[in-house]
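For reference, the structure is listed below as structure tokens.
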Amino acid sequence: MSPTSPGRHTTARHHILSVLVENKAGVLARVSGLFSRRGYNIYSLAVAPTDDERFSRITIVVDVGGTTLEQITKQLFKLINVVKINELDPAQSTEMELALATVKADAGSRGEIIEMVNVFGGHVVDVSHDALTVSLADAPARVDDFEELMRAYGIVELQRTGRVALPKLDRQAPRLRSVTGKVG
């Protein structure tokens, strides 16, 4: 089942790799070429600069076994421009995806579509006489559900960004240290 087909909920375990790379031309081509040469399928890929302009973060979602994932990581580290690799556990990560969809919206369905977009926390970003372009940024499963519901109205065009993810923040309160200093 392709990532953009309806009903794409899957029981396969996705492995999320967060790869910090030097922000240089050709790095993405080398990383994706490694996956291609090894015959590994990329489920989702997103890349963008980080807060430090010298680096970009590539978020790669793959469906592979544990041994193969270890090999992928070893191969990625062999690439000169790879600085750091983290496997993000979905249970310990915050995942988001953005979807833009142009949906058929005649006078009879326009209100229903706008209401559904609002229920999901999305936005209407463009309007014509017979269509709406809507956006939703949310967890991938919610984006899947939103897409499925929009299909009933007729999706004219759809674009999804692919997943991005970061580790969840530590929720434990910092402990205050009791300091007793002796000057001596």
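All of the numbers you see were taken from the coordinates with simple rules; none came from a lab. Predicted model, so just to flag it, every value in this text is computed and none were measured. Cβ sites come from the backbone with ideal geometry, for glycine too, and all protein chains shown count toward neighbours.
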Dipole axis of the chain (+1 Lys, Arg; -1 Asp, Glu on Cβ), positive-most option in Leu28, Ser135, Gly121 | Leu28
A convex hull over the alpha carbons of the range 94-167 yields, per residue, a volume in Å³ of 71 Å³
Tilt relative to the chain, helix 27-38 - C-alpha long axis, 0 to 90 degrees, to 10 = 80 degrees
Relative to the first principal axis of the alpha-carbon coordinates of the chain, what is the inclination of helix 110-120, with its axis defined by its Cα atoms, in degrees from 0 to 90 and to the nearest 10?
-> 20 degrees
Rg/Rg_ref, the chain, where Rg_ref = 2.2 N^0.38 Å and atoms are Cα = 1.32
Length-normalised contact order for the range 94-167 - Cα pairs under 8 Å, 6+ apart - percent = 51 percent
Considering every Cα-Cα pair within the range 35-76, what fraction, in whole percent, is farther apart than 13 Å?
-> 61 percent
Translational diffusion coefficient, Stokes-Einstein: compute it for the range 15-91 using the Kirkwood radius over C-alpha pairs as Rh, at 25 °C and 0.890 mPa s, and state it as an integer in µm² s⁻¹.
-> 196 µm²/s
Between Leu149 and Asp89, with labels modelled 7 Å along Cα→Cβ, what's the label distance in nm to one decimal, could you check?
-> 3.2 nm
With contacts defined as alpha carbon pairs under 8 Å and 6 or more residues apart, what's the relative contact order of the chain in percent?
-> 25 percent
Stretch gain in nm, segment Leu28-Glu70, where the contour uses 0.36 nm per residue and the Cα spacing is subtracted = 13.1 nm
Full extension from Ile42 to Gln172: what is 0.36 nm times the residue separation minus their Cα-Cα distance, to one decimal in nm?
-> 43.3 nm
